[in-house]
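S.K.: Below is one structure. I have some questions about it.
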Amino acid sequence: MQVTARSFAKINLGLRIGPLRPDGFHELQTIALHDLICVEVRSGSGIEIHCDDPRVPTDDSNTCYKIVERAMATLRSSGRVVITIEKRLPVQGGLGGASGNAVAVLLAAECALKKTLSARERLRIAAEVGSDLPLFLIGGTVLGVGHGEEVYPLPDLPATSSVIAMPEIAVSTPKTFAEWDALISRGAVELRSTWTGEGARPSIGRGIKLTGTSPSDRITEFSRALGAWLISQSKAGKVSSGVFAKGGGRAGNPLLDLVRTGIENDLEQVVFPQYPELREVKSVLLRAGAFYASLSGSGSTIYGLFKSRPAAEGAAATLRKEGVPAQVTTTLTRQQYWKKFLVSRF
């Protein structure tokens with residue numbers, strides 16, 4: 001049986017990092033940009049990977065290979081698994097392409113084998129292969145803790161027009177975290193404080209040193225504050241899968257509200273000084289009307305969130321004129337993510 005699925009990308013709405021380790025607090029959102037994955041199970045044995053991008057490994061170092069190997073053993077299945085990856089997402093772009101590919105392969109392989117892993121087994125296998133894989137087993141808006149392997153589904157935020165700018169720069173994630181650690185050790189970088197104050201609209205202080213607050217306390221406080229904000233928004237009827245409130249009145253966009261609280265990506269403090277052209281891409285998006293723009297993960301992808309599709313189209317056109325590849329897409333709710341996931345099976 002042959003199964004084709006979409007492997008969606010993600011963006012980091014925010015990224016808080018503890019010092020001297022990549023642990024932190026991640027607000028993640030799936031978007032509609034995707035690779036295409038085809039999985040076929042034939043007679044024989046082994047795992048075969050084909051990809052149209054030479055930068056993608058086709059041996060056992062590929063996350064798709066690793067996840068299929070574990071899944072086949074868990075399911076006690078046999079056969080030759082042939083995986084074809086049609087790359088549309090950038091390699092090392094900060095959009096979780098490799099991780100999304102692996103999860104798409106896992107679910108497509110289950111479908112092709114006509115066998116099903118339990119949710120617990122899927123999460124276990126995904127976390128063994130890579131820390132940021134589990135979020136793709138949830139989709140929509142997700143909270144990740146630690147390295148990102150501990151994930152929690154959050155109430156869906158409205159579908160929002162987005163511009164994904166993909167400068168042709170390869171940013172090494174391990175190198176970026178190593179540089180972060182070095183800056184922290186030298187006291188050359190300031191960690192932004194967690195949300196403070198009362199109620200559901202805390203703000204993030206600037207320029208507050210780490211002294212006096214441990215990283216675990218910082219992450220815990222941030223987690224509690226975000227949880228309180230989400231609960232209050234949900235009770236107020238502002239967190240939903242659509243942009244309209246009950247009764248036909250227009251609701252406030254909770255994503256915009258969340259952005260106003262001051263979510264940011266800590267890694268910008270490391271990446272932007274090394275790659276000033278990425279800082280400029282972010283500036284272009286903000287000047288073009290984005291209500292929020294950020295580095296995704298460790299980059300090099302920069303995205304902007306817009307209030308309308310025409311505004312996003314205009315911003316993308318501006319970037320393309322400057323030689324920066326850019327696409328217009330939308331964020332995906334959890335329901336949209338799963339509805340669009342499967343392309344075909346025969």
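S.K.: Hey, any hits in segment 7-20 for a residue that's closer than 30 Å to D156 by Cα and in contact with a Phe, Trp or Tyr (Cβ under 6 Å, 6 or more places away or on another chain)?
M.R.: So far as segment 7-20 goes, yes, one or more of its residues are closer than 30 Å to D156 by Cα and in contact with a Phe, Trp or Tyr (Cβ under 6 Å, 6 or more places away or on another chain).
S.K.: Further question: May I ask you to list the residues in segment 68-89 that are in contact with a helix residue (DSSP H, G or I) (Cβ under 7 Å, 6 or more places away or on another chain) and either closer than 26 Å to K339 by Cβ or among the basic types (K, R) (or both)?
M.R.: Passing the criteria: V68, R70, A71, L75, V81, I83, I85, L89.
S.K.: Could you list, in sequence order, the residues of segment 80-102 that are crowded, with 22+ Cβ neighbours inside 10 Å and farther than 20 Å from G139 by Cβ?
M.R.: Residues satisfying the conditions are V81, I83, P90.
S.K.: Being assigned to a helix (DSSP H, G or I), over 28 Å from Q274 (Cβ atoms) and either over 14 Å from the mean Cα position of the chain (by Cα) or at pLDDT below 90 (or both): is that true of E179 here?
M.R.: When the stated conditions are applied, E179 does not pass them.
The values are calculated or read from the model by the stated rules, or taken from the named source; none is laboratory data. Quick caveat: nothing in here was measured; it's all calculated off a predicted structure. In this analysis, Cβ positions are derived from the backbone assuming ideal geometry, glycine residues included, and neighbour counts consider all displayed protein chains.
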